[in-house]
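The structure appears right after this line, and notes come after that.
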Amino acid sequence: MTEKTPYVADFLANFEPQLSERAVVLLQPLLTQVAVSKKQLLVREGTICTKFYWICKGASRSFYLHNGTEVHTWFAFENEVIGSLRSFNELPSRENIESLEDGILIAIDIPGLRSLMLENLEIMRFVNQTILEYALFMEDKIFDLHMKAAADKFNALLTHQPEVFRRVPLTYIASYLGISRETLSRLRSR
């Protein structure tokens, strides 16, 4: 059995209200605590990732390259899951995921999780619910990015994820919002 580090124990404790003790015990061997360095690439575009990560400490960014330019798709912080959902279906990732800070992650083994889902209906429901919540988040994000004006996108990010402005370089934030750095500077000065 995998040793339960304090971070793994905290991770599992987050889900104990939603999962039975038996399900938590089944998940434990799939979890590994990982220390990451700033700018460490966790997922590389074009590869199949075998891990999802839960951020215990730190921040990360997701981006893809378009004509040599980084286009940011999201930022994640403590108590959020990161990884390529495409890799869950054994497809190559379309994005890169990189740590923005030194941090501590819990790596979740994807092949082991898929196998466990086939054996345990409770875990299957839990993973499916997590994927559904992610899909709803992405649908809202896509709508907002295409339908809102720059000032509205900026204000929504400031309201819902204020830590972005403390922990993420402005160039990345401008890319995420789909605006120029100059426009972002004007919006911040208001």
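Values in this text are rule-based calculations from the coordinates and carry no lab data. Bear in mind the structure is a predicted one, so any value in this text is a computation, not a measurement.
In table form, for the structure just shown:
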{"read-out": "Residues of type lysines that K141 reaches as a straight line, Cα spacing below 19 Å, ignoring anything fewer than 8 places off in the same chain", "value": "K153"}
{"read-out": "Alpha carbon Rg of segment 139-190, scaled by the compact-globule rule 2.2 N^0.38 Å", "value": "1.03"}
{"read-out": "Nearby aspartates and glutamates by direct alpha-carbon distance to K57 (threshold 16 angstrom, same-chain neighbours under 8 apart not counted)", "value": "D10, E78, E80, E98, E101, D102, E163"}
{"read-out": "Derived scalar couplings ³J(HN,Hα) [segment 164-174; Karplus, 6.51 cos²θ - 1.76 cosθ + 1.60; whole Hz; x for Gly, Pro]", "value": "4, 6, 9, 10, 10, x, 4, 4, 5, 5, 4"}
{"read-out": "Size of segment 94-190 as Cα extents on the principal axes (Å, biggest first)", "value": "54, 32, 24"}
{"read-out": "Relative counts (whole %) of C-alpha pair distances in segment 1-82, using bins that are 5 Å wide", "value": "3, 12, 20, 22, 17, 12, 8, 4, 2, 0"}
{"read-out": "Reciprocal of mean inverse Cα separation for the chain (Kirkwood radius, Å)", "value": "17.8"}
{"read-out": "Relative contact order (%) - criterion: Cα under 8 Å, at least six apart; region: the chain", "value": "23"}
